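Novice: Take this structure, written in structure tokens, and hold onto it; I'll ask about it next.
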Amino acid sequence: MGQLFIDEVRAIVLKNISNEKFGVGDLSSQLGLSSSQTLRKVKAASGKSVNQYIRELRLEKAAKLIKKTDDSMAEIAYQVGFSSPSYFNKAFAKYYGIAPGEYKTKSISLSELADQKPEPQTGLSTKKIGYVLAIVLVGVLGYFLLQSTVLNKKPEQKSIAVLPFKDFSPEDSQWFSDGVSDNILHSLAQMHDLQVTSFTSSATYRDTDKQIPQIAKELGVAYVLEGSITLYENDLKIIVQLIDAEDNHVWSREYNEEFKDVITIQNNVSQEVLKQLELTLSPEEQDIVEKYPTDNMEAYVLNLKGRQTGIITKQDLEQRLELCHQAISLDSSFVEPYTNIARTYYILSHRHGNSVDPFEMRELASNYADMALALDPKSSHAIVTKAFLSLYVDWDKHKEYIDKAIAINPNAQNGMIGTLRLLRPNPDTKRAVKETESGYIKDPLDGTSLHNYINALIANNQRDNAIEIYNSGKSILEENNVLHDLMYVLQHKDWKALQPGYEEEIKQNPDNPAQLINLATYHRDITYDYKKGVELCKKAYNLNPVYISAYVYGLVKTHRFEEAKELMSTPTYSSSANQESKLYQLWELYYEQSDFEKAHEILNDSIFKHQFLARTLTYAKAGNRKKVDSMYKLFPWGTGRLSTWSVNRAIIHAHLKDRDSMYHHLENIFSQWSVPMVNEHGRVFDPYRNEERFKSFLRKWYLPVPGE
């Protein structure tokens, strides 16, 4: 069964091999699965993540093309979905242990090439940075940096990781095994004197061959709980064992019960673990580990299935809602489906605000969170959802919610809660650092937790510490090209340090349009040279018409409106993107032209019914303060991504010539990656560029300063 599945995956990937953007979302869609199901099934069938599987298949296809065709390495790189021939060369050499050019000239067959692949490295290694750059660190320096990071602190004696239980059921029931192990983890995580690694990091070891001491060391814990589940019809067999970091057996038990007893087993495992760790529980904590959330096992299963669906695509979110609503219909006193529904409605409002009514979604999210809290006033998940809903709406309530969530569940989403503290009008950066560090310790293999911690360090002016932490954790940030570039800038204290790398890449691969676009973006957002940017966009477009939208955007930013309109009327442009993208670019043209009537006509299209930011920018540029104020009241949360909230507000107030408000928001920016937006929307800031306060902002974030 697994082989049939991976054969289907292989066929789909090969069919899309030239599409550099083909990833888990596209693969899931073609398989008819959710993103989480795809990630899990590919991992189970191949032992690899989806990204790793696709990347290696690209390289294997490239190896065949190198021997069978006379195409250049750059042409082959593009054919197998690498936009950067330079990165292709590095990836090929790392995977096969030989450069592609050398492989072409040597008498090595494909089978011999596969046999000579180097063993995977388990130590420190350098990783790619940015879109085209590489940070080259001396191995010894990297070693000493690693020794001083949070990952290498001596583990707390009261610390544990719960690994995903193995599924030995006749039918695929991994969703059930994951749910049971996650439920045990969640119960343990509510104990104040116990440090619990998040399921995200624990799940990394689902199919690992690593021994318990190595896993414990990598996760920084003193104990590991592992287990297996066999579910057949109504019979349930669960085997669990608790092992310490020295590989000593501490406790184990085999449960042979009926399916209806699964919650009792979960509670018993949690109680036994706490007993072995000699934790003294408060009465409230004792209630948690004895809690029986539902008597309806069908509702229990539906909620577990709902929790296992993805949270990225609208389809996954709607499936989650359907399953959790069914669970509530069977047991209206079951708290967890309410919290799952509340969170899902919030995610829909935040990530899919243009295709749903965000007001309705937020109201539903609040209502279901309230229903959960009515059933269980200490539901930390419901409280976190209320914290997100109060963001930018009621700061006092927001602080109350995040403080309460941490107080109830010390192992809650510390990293995310710490980041939320940075969004406040007067950010508590010290507490943000403390909480994001805690989140990173509890989730050391998750890129988001590391990114949150680095952001908090930067916001607290601990940039050297941020660089050190980044260097020690680069291996889990391999795909985060933007963060790699940002850290390179921090190391060199200059955004312009990126330019030589971009230019060298183009020198080596002059026919690669993607690299031209990267350099064009750099000149637009960093050097504030729109003219140079549009010249590069034109070259990219001439090499490959797929970049027509980028060229149009460059023309619009340089106010070459007639040329932009001419391109937008061509068949190439008509087929280049979906209707929403083309309409949005037409709004950008009218907005830059200050043709506010036509800009609002575009925004009146039903597609943009809830497009807050574009609408507010249009009112602000027109100087309509009253309308801007009304939009703020209507959408107090609605200035795009949370981390760009301050820069978007700064742009709006610059249009309105509100100098103090503009500077207030500029000086509250905490996320370095949003800083280039200041130059992307540069003309609005031109009246202030020679002011010392504005220059101080540019210096703080290492952007070029006029006259310096």
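The values are calculated or read from the model by the stated rules, or taken from the named source; none is laboratory data. Computed from a predicted model, the values in this text were never measured in an experiment. Using ideal geometry, Cβ is built from the backbone for each residue, glycine included, and neighbour counts are taken over all protein chains shown.
Novice: Conditions first: (1) surrounded by fewer than 19 Cβ atoms within 10 Å (Cβ to Cβ); (2) in a helix (DSSP H, G or I). Ala372 passes all but one, so which condition is the exception?
Specialist: (1)
Novice: Further question on the same structure: Among the candidates Val42, Val80, Val13, single out the residue that is at pLDDT 80 or above, under 25 Å from Ser201 (Cβ atoms) and among the β-branched types (Val, Ile, Thr).
Specialist: The match here is Val42.
Novice: Looking only at segment 430-445, which residues are in contact with a Gly (Cβ under 8 Å, 6 or more places away or on another chain) and part of a loop (DSSP other than H, G, I, E, B)?
Specialist: Within segment 430-445, Asp443, Pro444 qualify.
So that you can scan it fast, the table gives a plain yes or no per residue for (1) within 20 Å of the chain's Cα centre (by Cα); (2) without any contact (Cβ under 8 Å) to a residue 40 or more places away in the chain; (3) in a helix (DSSP H, G or I); (4) more than 24 Å from Val180 (Cα to Cα):
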| position | (1), (2), (3), (4) |
| --- | --- |
| Leu304 | no, no, yes, no |
| Gly310 | yes, no, no, no |
| Leu323 | no, yes, yes, no |
| Ala327 | no, yes, yes, no |
| Ser332 | no, yes, no, no |
| Thr344 | yes, yes, yes, no |
| Ile347 | yes, yes, yes, yes |
| Ser355 | no, no, no, yes |
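Novice: Quick one: would you say Asp247 is closer than 24 Å to Ala45 by Cα and either touching a Cys at 6+ places or on another chain (Cβ under 7 Å) or not in a strand (DSSP E or B) (or both)?
Specialist: no
Novice: Which one is nearest to Thr264 (Cα to Cα) among residues in segment 279-295 that are under 33 Å from the mean Cα position of the chain (by Cα) and assigned to a helix (DSSP H, G or I)?
Specialist: Checking each candidate, the answer is Val289.
Novice: Would you mind telling me which numbered condition in (1) at pLDDT below 90; (2) under 25 Å from the mean Cα position of the chain (by Cα) Val162 fails?
Specialist: All conditions are met except number (1).
Novice: Within segment 276-294, does at least one residue satisfy the condition of being surrounded by 17 or more Cβ atoms within 10 Å (Cβ to Cβ) and of a type in the set (S, T, N, Q)?
Specialist: So far as segment 276-294 goes, yes, one or more of its residues are surrounded by 17 or more Cβ atoms within 10 Å (Cβ to Cβ) and of a type in the set (S, T, N, Q).
Novice: Out of the residues in segment 591-612 meeting the condition of being closer than 22 Å to His681 by Cα and among the hydrophobic types (A, V, I, L, M, F, W, C), tell me which one is modelled with the lowest pLDDT.
Specialist: So the residue we want is Phe608.
Novice: Also, I was wondering about something else. Being within 21 Å of Asp178 (Cβ to Cβ) and assigned to a helix (DSSP H, G or I) is the requirement here; does Ser252 meet it?
Specialist: When the stated conditions are applied, Ser252 does not pass them.
Novice: Within the group Lys404, Lys378, which residue is surrounded by fewer than 21 Cβ atoms within 10 Å (Cβ to Cβ), under 17 Å from Glu435 (Cα atoms) and at pLDDT 90 or above?
Specialist: Being surrounded by fewer than 21 Cβ atoms within 10 Å (Cβ to Cβ), under 17 Å from Glu435 (Cα atoms) and at pLDDT 90 or above holds for just one of Lys404, Lys378, which is Lys404.
Novice: Could you tell me whether Tyr223 is surrounded by fewer than 18 Cβ atoms within 10 Å (Cβ to Cβ) and in contact (Cβ under 8 Å) with a residue 24 or more places away in the chain?
Specialist: no
Novice: Which helices (runs of 4 or more DSSP H) sit wholly inside segment 576-674 and have at least 3 residues that are buried (at least 19 other Cβ atoms within 10 Å of the Cβ) and among the charged types (D, E, K, R)?
Specialist: none
Novice: In segment 51-64, is there at least one residue being among the acidic types (Asp, Glu) and not in a helix (DSSP H, G or I)?
Specialist: no
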